[in-house]
Structure formats: C-alpha cells, structure tokens
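Asks: Pasting in a structure now, in structure tokens, and then I'll have a few things to ask.
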Amino acid sequence: MPNPFDFTGKSVFVAGGSSGINLGIAEAFAAAGASLAIASRSQERVDQACERLRRHGGKVLGRSADVRDFAAISAALKAAYDVFGEIDVLVSGAAGNFPAPALGMSANAFKSVIDIDLLGTFNVLRAGHQYLRKPGAAVINISAPQSFNPMPLQVHACAAKAGVDQVMRVLAMEWGGDGIRVNSIAPGPIEGTEGFRRLSGSAEVRQKMESRIPLRRVGTLADCADLALFLASPRASWITGALIPVDGGWSLYGGGLSSAQMALEAGAAPGR
Ligand code: NAP
Ligand code: COA
C-alpha cells in the first residue's frame, strides 16, 4: 500500500514560507519528497530559507513577492507552475501582527494587518486557482485562534483571521466541484516563532500560558507541519471547509485569554 504521506512528485507552494510555522510546513513537505516554491517580501530571507529547504534534496524555488500585490504573487505562482507543473498543495500563511489596543492603533495599522492576512490570502488563492491540480489540490490557510476567540490587543488580527476563515469556507464551496479541498489550520502558541515572541514574550507569560493549556505545553513547528501533511494527504480526501485548531486545547477556554493580554498583565508594554 503506498505511503499516504509520501509527497514525491508533488509540488507545494507556501506563501510567507521564509520563516516560522510556514517554513516548518515547507520543510516537512520537502522532507516528504515534494518540490517546494516559497515566496515572501524579503529576497534575503527567501534565499536563506531556500538554502535550508535544498538540504532535503528536492527541487526548490524562491521568489520575493508581497501578498498584498496581486500581480507580484501571481507572477510567483506562475513561476512555480512553469517549473514544477500543476500545484498540488497551496499554503497561504503570510501574516503580520503586533499587540496594541484599538485606541493605540491607527487606521493604517489596522489596515496593514487586514491587507497582509485577509487580502493577501484572497490574492494567493484567487491567483493560485488557475495553477492548481484539478482534481486533487489541497489549499491550506494558516489561521489563528483570533479567528474565533475575541482577544484584547488583537482587534486587527481577530478581524483579519475571521475573514481568512470565511474565505476558506466560501472557496471550499465554490471549488469543491473542481476537486480542490480548502481548509484552515489554527495554531495555538508555537515556540520559537516570531508570533510567539511578539505576543507571548517572557518566560513568565509562557509558564502562565502553559498552566492554562489543557495539554500543559506550548506547540512546536512539527505539531503544525504534521497537521498540514495530513490535510494535504489522501487520508483527508473528504475534509474540506474545516478549521482545525492545533493548540493543545488552548482555544477551549474561549475569548479574552490572549497571551498578549497576559503579557500586559505581567507588566510588558504593548506596542512596538
Ligand atoms: P513569521 O515567522 O513572521 O512568518 C510570517 C511570514 O510571512 C514571514 O515569512 C514573512 O516574510 C511573511 N510575510 C509577512 N508579510 C508578508 C507579505 N506582505 N507578503 C508576503 N509575505 C509576507 O511568523 P509566525 O509566527 O511563524 O507566523 C506564521 C503564521 O502562523 C501566520 O499566519 C500567523 O498568523 C500564524 N500563527 C502563528 C502563531 C504563533 O504562535 N507563532 C499562532 C497562531 C497563528 P517576509 O518578512 O520576508 O515577508
Ligand atoms: N503598535 C501600533 N501600531 C503599529 C505597531 C505597533 N506595535 N507596529 C506598526 N504599527 C503601525 C505603523 O505605525 C503604521 O501605521 P502609521 O502609518 O499610522 O504610522 C502601520 O502599523 C503600518 O506599519 P508599517 O511598518 O508601515 O507596515 P509594514 O507593512 O511595513 O509591516 C507589520 C507590517 C507592521 C505587520 C510588520 O510588523 C510586519 O511586517 N510583520 C511581519 C512579521 C510578523 O508580524 N510576524 C508575526 C506573525 S503572527
């Protein structure tokens, strides 16, 4: 019986794939045999990530592109299609975040996160559709608990990620007939990432958080990558339109318990 988690001969595109959770996902697919294309704003970060991905022995392509720019992300997707052929797995994970109260956030600050997370995801999926394998492609959005749990200091990310998940649900309906599955992963706090550094900060906050996570630990890159591999595999062939948390049960506590709020309570200043 073929290994459902062998991605040899498949091609994977990861938007925002130059670091953190998204790079962890890209590496897992590279290790599973896939050809990888990644894009993010900084060419330097893209190049560094590509070097890392090449260690797994497969084909790797990196392009600088801002997901807010439809033409730029379209060009990056076309480049991947031209080299690898139809895209089997499309991951949309570019995001921006910083903790700030609504009154400490300019309209442009709110818009910058909406544009990267929500408009960016629309752009990646809208531009990507023509290059996806039909039938068979899997689209995975990287969401967050902010999508369904309101959190102080996170009005931009809460609004943006809720939108990201509605985009996911609508496109799961519109694209199901093409044989394309569209799902979202909502990671809890993942150690060693920029998001964790920005929102969770100190060892004290981490300890406080871990005591409130049902499984009593923060997450790892591998926790997220394993779920992405599963969602892209034939074992998930009847799953579409789903938002799946990978968070040790953290989100079961519901709204208001943001790590950023805990950091604030612990004396950290929100903002820059
Ligand atoms: P990260 O390392 O900062 O990842 C963000 C990536 O997006 C970077 O590669 C960045 O590269 C890219 N990016 C940012 N703006 C972009 C733009 N306008 N166009 C193209 N690429 C852009 O952060 P992370 O913490 O791993 O977060 C990754 C994803 O997981 C995000 O979707 C985040 O919301 C989600 N998440 C994270 C956590 C966590 O604990 N870390 C929890 C829940 C959800 P450039 O700077 O080169 O553009
Ligand atoms: N508090 C309040 N406002 C802030 C802020 C903070 N900590 N950080 C940035 N802003 C505001 C800026 O002042 C600006 O508003 P203004 O024009 O009214 O002054 C607005 O946000 C946009 O900032 P800018 O730096 O021009 O945006 P950018 O598009 O270059 O960068 C960010 C986007 C701000 C989200 C930046 O942090 C980023 O690139 N993040 C990517 C990495 C990341 O966030 N990773 C974690 C993912 S979970």
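The values are calculated or read from the model by the stated rules, or taken from the named source; none is laboratory data. Quick caveat: nothing in here was measured; it's all calculated off a predicted structure. Using ideal geometry, Cβ is built from the backbone for each residue, glycine included, and neighbour counts are taken over all protein chains shown.
Asks: I want to confirm something. Restricting to the range 200-227 and keeping residues that are in a helix (DSSP H, G or I) and modelled with pLDDT of 95 or more, which single residue is surrounded by the fewest Cβ atoms within 10 Å (Cβ to Cβ)?
Replies: ALA222
Asks: Return only the number of the condition from (1) within 16 Å of ligand 2 (Cβ to nearest atom); (2) at pLDDT 95 or above; (3) loosely packed, with under 15 Cβ neighbours inside 10 Å that ARG197 does not satisfy.
Replies: (2)
Asks: Considering only residues of the range 124-148 that are in contact with a helix residue (DSSP H, G or I) (Cβ under 6 Å, 6 or more places away or on another chain) and more than 22 Å from GLU86 (Cα to Cα), which is nearest to ligand 2 (Cβ to nearest atom)?
Replies: It comes out as ALA144.
Asks: Please find, within the range 164-192, the residue that is farthest from MET105 (Cα to Cα) out of those that are crowded, with 18+ Cβ neighbours inside 10 Å and not hydrophobic (A, V, I, L, M, F, W, C).
Replies: ARG181
Asks: Considering only residues that are touching a strand residue (DSSP E or B) at 6+ places or on another chain (Cβ under 7 Å), within 26 Å of ILE114 (Cα to Cα) and part of a loop (DSSP other than H, G, I, E, B), which ones fall in the range 51-90?
Replies: If the condition is that a residue be touching a strand residue (DSSP E or B) at 6+ places or on another chain (Cβ under 7 Å), within 26 Å of ILE114 (Cα to Cα) and part of a loop (DSSP other than H, G, I, E, B), then ALA65, VAL67 are the ones that fit.
Asks: Can you spot a residue in the range 71-88 that is in contact with a Pro (Cβ under 9 Å, 6 or more places away or on another chain), of a type in the set (A, V, I, L, M) and surrounded by 24 or more Cβ atoms within 10 Å (Cβ to Cβ)?
Replies: no
Asks: Another one. Looking at (1) touching a Ser or Thr at 6+ places or on another chain (Cβ under 7 Å); (2) under 25 Å from ILE190 (Cβ atoms); (3) of a type outside the set (Val, Ile, Thr), can you tell me which one HIS56 breaks?
Replies: So the condition that HIS56 fails would be (1).
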